[in-house]
Amino acid sequence: MLFNSYEFIYVFLPVTALLFFAFSASGRPMLAAGWLGLASLFFYGYWSPRYILLLLASIAANYLMGRGILRLRDERRLRGCRLLVMAAVTFNLGLLAYYKYANFFVDSLNALAGTGLQLERILLPIGISFFTFTQIAYLVDAYQGKARESNPVHYLLFVSYFPHLIAGPILHHSEMMPQFADRRTYRFDVTNFSIGVIFFFIGLFKKVVLADGVQLFVGPVFDADPSYRLTFLEAWLGALAYTLQLYFDFSGYSDMAIGLSKMFNIDLPLNFNSPYKAHNIVEFWRRWHMTLSRFLRDYLYIPLGGNRHGLLRRYANLMATMLLGGLWHGAGWNFVIWGGLHGMYLVCNHAWQGFRVKVLGHDLERHTARGRVAGAALTFLAVVLAWVFFRAPSFPAAVNILQGMAGIHGAVLPEQWQAVLATGAAATVGGMSFGYLEAFGGTRQIVWVAALLAIAWGLPNSQQIIGWLKTRVVARAGAYAAQSRSWCMLGALSVLISFLAMINGSRGVSEFIYFNF
Amino acid sequence: MLVTLELVLRMLPVSVGLYQTERSDLWPLNSFQAHLPYTVSTTWELRNARHGRTNNYGHLTPFDYLPGSRPVIVVGNSYIESQMNDYRDTLQGRLGIMLGQTEPVYGMGVSGLSMSDYLAMAGQASAEFAPRAAVFVLVNGDISDSLIDRPGHYYFRETTDGWNLTLHPRSMHPLLTRVRQSVGDLYLFRYATQNLRFTMPELAPVFREAKARGLAAPVGKEVAAQFAAVDRFLAELPGRSGIEPRCIAFLLDGDRFGIYDPRVALPPADLPEAREHFIRKASELGYRVADLQPLFREHYKIRRRHFDYYPIDAHWNGLGHRLAAERAYDLLFRQPGGHC
């Protein structure tokens, strides 16, 4: 079920919230939590009922293995504990390998060794990467003594909780379980509910208006016929359109997830913090898909040795982490290249910072305005180039776009501009020719890309907007006034959400990009 | 909030002003209410905004139609109504230019029509204008829709004496009519229903799927029904329109999206056998027939230009209309058997 669908907005969400707070009000928090878990399973099964069993099996197995790890740890049987955690992680990775990577491995083997192995196409269960990683984190934390869960209902809810189940944020046991156990969670709070609705509205707006608005200009470039040579303008506008679509689509989804959860008085971790405003690639990864970055850092980079074994080892660890991070996104070589590029960017960034401190004697905390702008521009450029591999359906398609961006296929201008430009400025632009550009979406595309760039760079992000609303609108009012304002806001936002849902409905099904991962 | 939205939309080119004629006996010849200013735009973004005034028969044509003027008529659905194009770029507009503007060409396109409605339209046009030639544009779904009993539309119904053209009169509960009249002028309502194409059944996908399943007939029966509808249409058309078959041209649209990218090919609503049957049977009866699919494919292979508003709207753009107009002109006015 999609957050932006009629059935979710008008049926699933109201029914789930109503019964959750009804059970809560009757003084049965466990029933309320159980209901939320059940509703989450229905939410998942609405897409494909047959994978509910897979999800339940994964939850049950991990819960039992987690219990086993905790017991062995309590009994100080550390070797057995270590073996069990290794088996549990292997089990999870095996599940992921089968469903997500089996076809990729077989195809790669066939291509490399010339073998003719055949494997039936395996349908990727939606959200498997997310619920698997969430549980691996829990198991490792249990082994390290950071997590302890005995309540199966809370564990079920922790993994299957519908706001995060399909595409994150990737949750950490320690930030969720105390909230499930807190009695304050099971109490309707109009302020929390309205904050949740605002988050949801912002996310829906990002998805329906911004991401789906600009996505029209992505397909003609990335899915262009391989024989068609993309020109400079087409390639750049297409790459920028995708850069913006992905950001507004995924951050919109994350906002909606955070908002939905807030309606139930549960805080989810933030996942985005204006990533395109980052001044270097290290900062970018602290702002983009923050919960994945955290997971990769805590459960991959640091266990590999992090920065504790010298410079070269640190760079090797960064590369390995990012390559695997790329592969996590999808079973394809383009994702590996994307991860590799980011690994390389990070290595360069750290090396440059080291050079500035040690050789040039710079203070990294001090920046000039020019330096900040140059850093942000370079970071953005590097990110856009890498997204080309992330979205392109094949390696040759990515190369075609990159060649276009480099101007190798020429810098032809759209023929519809000829009448305006040919008599004026173009006369001085030597060698510029005009022609029919198949993958160019017209002036409208330029307006879309410019407007979205202005929003991404110039406007506050969702949490900043809500922080402002909380301090200016709610906190300054008295309790009664704050409640009244919250209810008014709820009424107004309900109308706007219905309006956005209708816009979304007018286009048919529009899935979120990260559902593919 | 609703008032704010209404006020904001009033400043934007929302689709307003086109109201279907209340006289169902005159419809579809009299399409919208006559001589009213209108604005049309598509999608939530209000793309392709255009303004104009309906003519005396309620069509989106910048001149009035004269009774008894023996025009060339161009009949079709929303493709010919052509809200998204300037009149001069439409098939009828271009045909008029090709004929040197000396002979009238009347566009008779009404959104939602199907083959059975075209037959009724031909009869009405014959009585009113005595046309000398006709162009019919058939698009995907025109044959199958002509078998569906839709309120306000003509359809082919099987009776004991064969398949007959039947009108399902439009009837609306008086209360619903009053509600529609009172909210019909709200820009919010027009935006939702015209630009977003919002309908209440959209809220019930399960119901929608069940309904679709209920409508689907067994394949064998569907083939026979579509063949029968085609036969009936072709047999009755000369009599109803008063035009001999050699002066009637059929242009059959193709799956243009499938030409651009096979991955986005549209599933055919009309059975391919029925479409083939139409072409074969019409040719046998002396009609002029052109399948536009090969024409579009060949043109795209060479020029790589779209004939529509791909990927958001399948309706023809100026290029699609131009190619169709050229083909219609060839069929009717450059034929060996003489000028129509």
| note | Of (1) closer than 21 Å to A:L93 by Cβ; (2) touching a residue at least 60 places away in the same chain (Cβ under 8 Å), A:S394 fails just (1)
| remark: Note on region A:466-487: residues β-branched (V, I, T) and surrounded by 15 or more Cβ atoms within 10 Å (Cβ to Cβ) are A:I466, A:V473, A:V474
| task | Out of the residues in region A:388-407 that are exposed (fewer than 15 other Cβ atoms within 10 Å of the Cβ) and not in a helix (DSSP H, G or I), state the one that is farthest from the chain's Cα centre (by Cα). | result | A:G407
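Can you say whether B:S126 is small (G, A, S) and touching a Lys or Arg at 6+ places or on another chain (Cβ under 8 Å), as far as the supplied structure shows?
yes
Residue-by-condition table, conditions (1) surrounded by 19 or more Cβ atoms within 10 Å (Cβ to Cβ); (2) out of contact with any Pro (no Cβ under 7 Å at 6 or more places or on another chain):
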site	(1), (2)
B:N30	yes, yes
B:H35	no, yes
B:T42	yes, yes
B:L46	no, no
B:R50	no, yes
B:G58	yes, yes
B:R70	no, no
| query | Considering A:L385, A:L437, which residue is surrounded by 12 or more Cβ atoms within 10 Å (Cβ to Cβ) and more than 24 Å from A:I281 (Cβ to Cβ)? | reply | A:L437
| Yes or no: A:I69 over 26 Å from A:H329 (Cα atoms) and buried (at least 16 other Cβ atoms within 10 Å of the Cβ)? | yes
| request: Residue by residue through region A:218-232, note down the ones that are facing chain B (nearest Cβ under 10 Å) and either closer than 16 Å to A:W387 by Cβ or in contact (Cβ under 8 Å) with a residue 60 or more places away in the chain (or both). | output: A:G219, A:P220, A:D223, A:A224, A:Y228
| said: Filter region B:242-283 down to the residues that are touching a strand residue (DSSP E or B) at 6+ places or on another chain (Cβ under 6 Å) and among the hydroxyl-bearing types (S, T, Y) and list them by number. | reply: B:S283
| task | Please work out if A:A316 is touching a Gly at 6+ places or on another chain (Cβ under 9 Å), part of a helix (DSSP H, G or I), among the hydrophobic types (A, V, I, L, M, F, W, C) and touching a residue at least 40 places away in the same chain (Cβ under 8 Å). | result | no
| request: Considering each residue of region B:41-66, count those that are touching a residue at least 60 places away in the same chain (Cβ under 8 Å) and more than 19 Å from B:V105 (Cβ to Cβ), and give that number. | output: 7
| message | Based on this model, can you work out whether A:G508 counts as within 14 Å of chain B (Cβ to nearest Cβ), modelled with pLDDT under 80 and surrounded by fewer than 17 Cβ atoms within 10 Å (Cβ to Cβ)? | response | yes
| In region B:38-58, residue farthest from A:G442 (Cα to Cα) [restricted to those that are within 12 Å of chain A (Cβ to nearest Cβ) and among the hydrophobic types (A, V, I, L, M, F, W, C)] | B:W44
| task | Consider A:F264 carefully, then state whether it is out of contact with any Phe, Trp or Tyr (no Cβ under 6 Å at 6 or more places or on another chain) and either modelled with pLDDT of 95 or more or among the basic types (K, R) (or both). | result | yes
| request: May I ask you to list the residues in region B:1-49 that are among the basic types (K, R), outside any strand (DSSP E or B) and either over 30 Å from A:C488 (Cα atoms) or at pLDDT below 85 (or both)? | output: B:R23
| Residue that is nearest to B:L252 (Cα to Cα) [pool: residues in region B:122-164 that are under 13 Å from the mean Cα position of the chain (by Cα) and polar (S, T, N, Q)] | B:N140
| task | Pick out the one residue from B:A269, B:A282, B:A290 that is hydrophobic (A, V, I, L, M, F, W, C) and either in contact with a Pro (Cβ under 7 Å, 6 or more places away or on another chain) or at pLDDT below 95 (or both). | result | B:A269
| remark: Of (1) within 25 Å of A:W457 (Cβ to Cβ); (2) outside any helix (DSSP H, G or I), A:F250 fails just (2)
| remark: Counting only residues that are touching a residue at least 60 places away in the same chain (Cβ under 8 Å) and assigned to a helix (DSSP H, G or I), region A:282-313 contains a total of 11
| Which of the residues belonging to region B:288-312 are loosely packed, with under 15 Cβ neighbours inside 10 Å and either in contact with a Cys (Cβ under 8 Å, 6 or more places away or on another chain) or within 14 Å of chain A (Cβ to nearest Cβ) (or both)? | B:K301, B:I302, B:R303, B:R304, B:R305, B:P311, B:I312
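The values are calculated or read from the model by the stated rules, or taken from the named source; none is laboratory data. These numbers come from a predicted model, not from an experiment. Here Cβ is always computed from backbone atoms with ideal geometry, including for glycine, and neighbour counts include all displayed protein chains.
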